[in-house]
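Data block below; observations after.
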Amino acid sequence: MEAVAKKIENPRVRIAPSPTGLLHIGTARTALFNYLFAKKYNGSFILRIEDTDEERSQKEYEEDILEGLKWLKIFWDEGINPDDPKEYIGNFGPYRQSERIDIYESYIRKMLEEGTAYYCFCSKDDLEAQRQYQMSIGQAPKYSGKCSNLSKETAEQYLKEGRPAVIRFRTPAQNVVFQDLIKGKIEFNGALLGDITIAKDPKIPLYNLAAVIDDYEMKISYVIRGEDHLPNTPKQILLQEALGLPQPDYAHLPLILGSDKSKLSKRHGSVSVNEYREKGYLPEAMINFMAFLGWNPDTDREIYVINHLMEEFSLEHCQKSSAIFNIQKLDWINGFYIRNKSPKKLMELCVPYLISANLIQPIFETGGHLAGIGGVEIGEIYLMPETKEKIDPIALENIIALYQERLKYLSELPELVDFFFKKELDYPPDLLSWKEMTKPDIKGAIEALEGVIEAIKPNDWARSNLEEILVKKAAETGPEGDKGYLLWPFRVALSGKKSSAPPFAIAEILGKEKTLLRLKQAKGKLQ
Ligand code: GLU
């Protein structure tokens, strides 16, 4: 690991997403690392939207990026106002590149004036021919420099004639050496670059130039970004030198790879933060998980909440080698945070999933006790559309709590608990059979269950009692004391599933009447 040489004080860092796609997990990871770095060293974290590519940039993507970062609670100090995206916060705005065109134009005109940039009139066909020629003589392709010696007058004449042009940087053919704070010393032969295009015209800058200008104008002192941008860094350093601008420190975070070691992409599953949100991953779990995508604190500890991360994060502990996106690890971390929720909080988080699965619908009861104020909510009650019964939040809490230990993500829940909300369960009668049980065996088992349950007094209707009584009965009834003989059909009759929470716990929530009804319905299936 490379030591960070200078003392880091009040750094200014940024995330500079292009709104050309949904918030990618890699962008969120980079945002998190910048955020942690800013927090740890008492600095500022800036959000800049790089939307100069008119064709590919879309407002919906910008919204998705802002929403995703807000959901993750990666809050920025400067940039687009999170409460009103038409406004900006901070002194270095505007923070959307599309609104900074005049600034770029003045730099571009200056470069053209000084001769560090020039107009290039080569057509696509021209460029292709140059490329093929270079390859044929064994050279790496780069711009040949054909237009670099056109006089200013000729260029002006061509422009007047309306010839299509781009603006190129007269890239110095020199070595670029810099100390990356994660990767160490990086050397790059600038002669390989050729004269790169920096703008389509003075009002349409391209990424490298716009980023260099903004990083300077916004006083960015550390550029922390993904390794995929490493090839851009020499270009940006040469541009800084040509413009006489200071060079920020650079840190390139390792790539995120899928489990097959190829670059993380849709093939590996979701790459959009929002998809994880919809699936029911918790923001604190995503943060914890993403922190490990390139940062390695050299301990066995795997659970880090944001405050610990802010304290312990450092670039020295960022790894050089690629990070692997391991979904099992994310599930494990998410499960941990789910288990740590209070039953009430977990219920609140799960309700939207139950609603969207149409297992419950919110209804609002009004309290007449507050005279004069009609329609006062006295609490949220839910309707189970299938049974037309009401269910209160406490009952929901109890149902969800049965699955708290095993939930990996929230959208798993509806399928696990649907039977609580149904009138009748849909399962094949064979499912009621434990081992070799025949239909008459199952019927006998169910009747034995009914007998025991009917005798339980309403006051004794509690999970522990049910368990005690039924386990005892099962041990007596089953051949060679096999408890499955009674308890398996019991579980299936109540839940319609092979695996579920313990049937005693389910029975406790369903109540005596519904438990008996489900047993009767199970018997009905055996006809
Ligand atoms: N707009 C670039 C991107 O979205 C940002 C690159 C940078 O951080 O310099 O990848």
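Laboratory data are not the source of any read-out in this text; all were calculated from the coordinates shown. A quick note: this is a predicted structure, and the numbers were derived from the prediction, not measured. Ideal geometry is used to build each Cβ from the backbone, glycine not excepted, and the neighbour counts take in all protein chains shown.
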Query raised in the report: How many angstrom lie between the C-alpha centres of segment 443-484 and segment 315-330?
Result: 51
**Report entry** Relative contact order for segment 243-346, counting Cα pairs under 8 Å that sit 6 or more residues apart, in percent
**Finding:** 37
**Report entry** Rg followed by Dmax, in Å, when segment 249-357 is reduced to its Cα trace
**Finding:** 15.5, 50
Requested in this report: Using just the helices of the chain, give the 222 nm mean residue ellipticity in deg cm²/dmol: DSSP H runs with n ≥ 4 each add -39,500 (n - 2.57), and the total is spread over all residues, rounded to 500.
Outcome: -13000 deg cm²/dmol
**Report entry** Total charge dipole magnitude, segment 234-304, about the Cα centre, Cβ charges on Lys, Arg, Asp, Glu only, Debye to nearest 20
**Finding:** 380
Query raised in the report: Per the Kirkwood formula on distinct C-alpha pairs, the Rh of segment 421-527 is how many angstrom?
Result: 13.5
Report summary line: For Asp426 and Asp300, extending 7 Å from Cα along the Cα-Cβ vector and measuring point to point gives, in nm, a value of 4.8
Report summary line: Restricting to aspartates and glutamates and to Cα separations under 16 Å from Lys40, and discarding same-chain partners fewer than 8 apart, the set is Glu9, Asp77, Glu311, Glu312, Glu316
Report task. Return the loop-located GluC sites (Glu not before Pro) in segment 116-212 (DSSP other than H, G, I, E, B) with at most 10 other Cβ atoms within 10 Å of their own Cβ; answer none if there are none. Result -> Glu161
Requested in this report: Can you tell me which of 484-497, 34-47 comes out highest on packing, and rank the rest after it, using the mean Cβ neighbours within 10 Å?
Outcome: 484-497, 34-47
Query raised in the report: Roughly speaking, what is the centre-to-centre gap between segment 72-92 and segment 260-307 when only Cα atoms are used, to the nearest Å?
Result: 24
Report summary line: Quick calc, Ala191 & Ile137: beta-carbon distance into FRET formula, R0 22 Å, rounding 0.05, result 0.85
Query raised in the report: Which are the unpartnered cysteines of the chain, meaning those with no other cysteine Cβ under 4.7 Å from their Cβ?
Result: Cys122, Cys318, Cys350
Report summary line: Checking rank on 330-343, 210-223, 139-152, with mean other Cβ inside 10 Å and highest first, the result is 210-223, 330-343, 139-152
Requested in this report: Run through the DSSP bridge list for the chain and note the antiparallel percent, rounded to the nearest 5.
Outcome: 70
Report summary line: Mean shadow area (nm²) of the C-alpha convex hull around the chain is 36.6
Query - For the chain, size of Cβ-based charge dipole, Lys and Arg +1, Asp and Glu -1, in debye - result: 840
Report summary line: Straight-line reach check, Lys185, cutoff 20 Å on alpha carbons, 8 or more apart in-chain or any other chain, hits among lysines -> Lys6, Lys7, Lys235, Lys320
Query raised in the report: Ser18's amide H: which non-local residues (gap 5+, or another chain) put their own amide H closer than 5 Å, with H modeled 1.01 Å from N in plane and none for Pro or chain starts?
Result: Glu50
Requested in this report: Determine ³J(HN,Hα), in whole Hz, for all residues of segment 31-45 in sequence, where each value follows from phi through the Karplus function 6.51 cos²θ - 1.76 cosθ + 1.60 and θ = phi - 60°; x replaces Gly and Pro.
Outcome: 4, 4, 5, 5, 4, 5, 4, 4, 5, 4, 9, 6, x, 10, 10
Query raised in the report: Counting other C-beta atoms within 10 Å, which of Asp53, Asp260 has the fewest, and how do the rest follow?
Result: Asp260, Asp53
Report task. Could you pull out every one of the aspartates and glutamates with an alpha carbon less than 14 Å from that of Lys266, ignoring same-chain neighbours closer than 8 positions? Result -> Glu275
Query raised in the report: So what is the relative contact order for the chain, in percent, with contacts set as C-alpha pairs under 8 Å and at least six apart?
Result: 11
Report task. Could you work out the equivalent-ellipsoid semi-axes for segment 155-236, taking the square root of 5 times each eigenvalue of the Cα gyration tensor, largest first, in whole Å? Result -> 29, 16, 9
Query raised in the report: Over its Cα atoms, what ratio of radius of gyration to 2.2 N^0.38 Å does segment 398-448 give?
Result: 1.52
Query raised in the report: If you rank Val177, Val452 by fewest surrounding Cβ atoms within 10 Å, what's the result?
Result: Val177, Val452
Report task. Holding the Cα-Cα limit at 28 Å, pick out from Lys39/Lys70; Lys261/Lys498; Lys329/Lys435; Lys435/Lys523; Lys183/Lys261; Lys146/Lys200 the pairs that are longer than that. Result -> Lys261/Lys498; Lys329/Lys435
Requested in this report: Please tell me which of these pairs span more than 18 angstrom C-alpha to C-alpha: Lys443/Lys483; Lys344/Lys497; Lys422/Lys525?
Outcome: Lys344/Lys497
Query - Kirkwood Rh and Cα Rg combined as Rg/Rh, segment 227-299 - result: 1.11
Report summary line: For His252, His229, ascending order of other Cβ atoms within 10 Å (fewest first) is His229, His252
Report task. For a quick protection proxy, order the peptides 300-309, 280-289, 191-200, 264-273 by their average other-Cβ count within 10 Å, most packed first. Result -> 280-289, 191-200, 264-273, 300-309
Report task. For segment 345-352, take each phi angle, set θ = phi - 60°, evaluate the Karplus expression 6.51 cos²θ - 1.76 cosθ + 1.60, and give the result in whole Hz per residue in order, putting x for glycine and proline. Result -> 5, 5, 4, 4, 5, 8, 3, x
Query raised in the report: Which value, in debye to the nearest 20, gives the size of the charge dipole of segment 218-269 about its Cα centre, when Lys and Arg are +1 and Asp and Glu are -1 at the Cβ?
Result: 260
